[in-house]
Amino acid sequence: MAWEPPVPREPTAEPPVPHLAEEEEELEFTPAIRSLLEKSRDIAEEIIKRLMEFREPSGGSGERLWEKIESVVIRGQLGYEEPLPGLAIDSTFPIDGGMELIGGRLVAIVAGYVSFGRLQGRILPRQSFASVRLVDTEEALKTIPYHAKLYEKKLAMKLLKAIENGDADAKIILFDGELVPYALLFKSPESIGKSRILSRLSTIMQKLLEKAREHRITLVGVVKRSYSKLLAVYTGRRLPLNDKAVMSLVLDYGEYAVVGRFGDILPRYAEIIAREKGVDPKKYRSIVSVNLSNCPDCSNIVVAFYKPHTRTPSHQAVRVEVLDFGGYGLERILSMLNKLTNPGTGLPYPIDLVDEYIRLEARVLELVRRKVIGHIAQVLDVVGPGAVMLLGHTNPEKRYIYEPRRRFTVG
């Protein structure tokens with residue numbers, strides 16, 4: 001089937017904009033902004049170049065890259081399968097690094113879940129948990145994403161315990177993001193062992209997979225922001241477009257495609273990456289192979305893409321990582337996700353719900369900061385006024401990000 005660009009939707013009339021008592025600030029076209037806008041042509045030309053490289057014949061064979069992908073990737077048709085009872089889990093943290101204070105950065109981590117598919121049991125239909133910490137080194141700040149994943153996996157362990165105790169009849173757990181943190185697959189065992197947070201993450205990940213396998217709970221990672229180029233294992237080199245972009249172009253609505261098992265594709269992918277970086281391919285492949293051997297369940301994770309029947313504004317394919325301990329079969333699992341599609345985003349709606357439910361607003365950190373100041377104020381005679389100074393904003397110009405939002409009146 002030849003690729004054709006998605007058909008644009010008919011434009012609709014925009015609703016009238018109400019008058020606001022406080023108007024938005026107009027953008028001033030400074031020299032810097034003008035320079036950025038002039039670069040837009042360069043970006044457009046780069047995108048066109050990559051598309052043409054993907055679609056035009058390459059090398060001496062005359063075969064197009066997209067034809068090569070279509071010929072080797074296993075494809076199938078999605079059904080509308082009624083979803084099994086399940087739970088969707090996500091974690092979040094301030095992407096900007098948290099609130100900058102004189103004494104360090106105030107960072108919050110939130111993890112939560114929502115139920116779907118008529119889940120029965122004594123657990124709450126949704127719940128969230130939060131952790132706050134003061135980080136005062138750049139190294140510690142870099143580990144925050146791993147701490148968020150650790151918090152998320154701990155929550156998953158609690159939910160698996162609830163399933164074990166009969167407090168929930170979930171058969172499937174969805175994760176917003178990858179199933180196994182990629183650092184545990186691509187970093188050397190020595191590096192993982194030297195890192196306290198990665199070691200803890202590795203340990204709980206092993207326990208989580210063992211518990212899910214024991215109770216036959218299927219695990220699915222819905223990877224929204226995917227820039228991987230795993231399809232390179234079929235062409236011998238990385239493609240000009242990432243996997244998500246390729247599958248969004250190749251797949252038709254209601255179709256899915258299987259990229260492969262981690263155990264089959266990751267070691268080969270590691271070699272391709274190593275060659276491009278100018279490092280020893282055998283050594284890099286060995287690192288990935290050892291990590292997979294240390295986690296046999298990880299080898300059985302299947303990477304697949306599907307494009308829901310529901311036509312969405314983005315026309316995007318969805319990447320998933322599936323560990324089918326329940327034995328339902330990949331096609332049935334993807335058909336369930338197809339049934340759960342949110343027409344606004346193209347993603348399974350439980351993933352959108354849990355993302356919205358635990359969304360961390362910057363203003364929460366300001367409330368925490370003021371609460372801490374309140375506690376310190378009660379013991380100022382012991383610690384001195386310097387303690388409050390440590391909680392002052394390092395960059396007062398940015399404190400508006402954390403202040404309560406101004407109210408707008410509609411006229």
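The values are calculated or read from the model by the stated rules, or taken from the named source; none is laboratory data. If you're wondering where the values come from, they're calculated on a predicted model, not measured in any experiment. Remember, those area values only see protein heavy atoms, side chains included, never the ligands or the DNA or RNA. Shrake-Rupley method; radii C 1.70, N 1.55, O 1.52, S 1.80 Å.
Here are the numbers for this structure:
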{"item": "In order through the range 214-224: 3J(HN,Hα) via Karplus (6.51 cos²θ - 1.76 cosθ + 1.60), integer Hz, x for Gly, Pro", "result": "4, 9, 6, 9, 6, 10, 9, x, 9, 9, 6"}
{"item": "Mean shadow area of the range 258-326 over all directions, Cα convex hull, nm²", "result": "6.3"}
{"item": "5 angstrom amide H check on GLU81, placed H, neighbours 5+ away", "result": "MET336, LYS339"}
{"item": "Translational diffusion coefficient (Stokes-Einstein; Kirkwood radius from C-alpha pairs) of the range 86-358 at 4 °C, 1.567 mPa s, in µm²/s", "result": "66"}
{"item": "Built amide H within the under 5 Å cut-off of LEU101, gap 5+", "result": "LEU106, THR394"}
{"item": "Gap separating the Cα centres of the range 147-189 and the range 241-306, nearest whole Å", "result": "21"}
{"item": "In sequence order, calculated HN-Hα J values of the range 132-148 (Karplus, 6.51, -1.76, 1.60; Hz; x Gly/Pro)", "result": "10, 8, 9, 9, 10, 9, 5, 5, 5, 5, 5, 8, 4, x, 5, 5, 5"}
{"item": "For the range 150-283: accessible area per residue (Å², 1.4 Å)", "result": "41"}
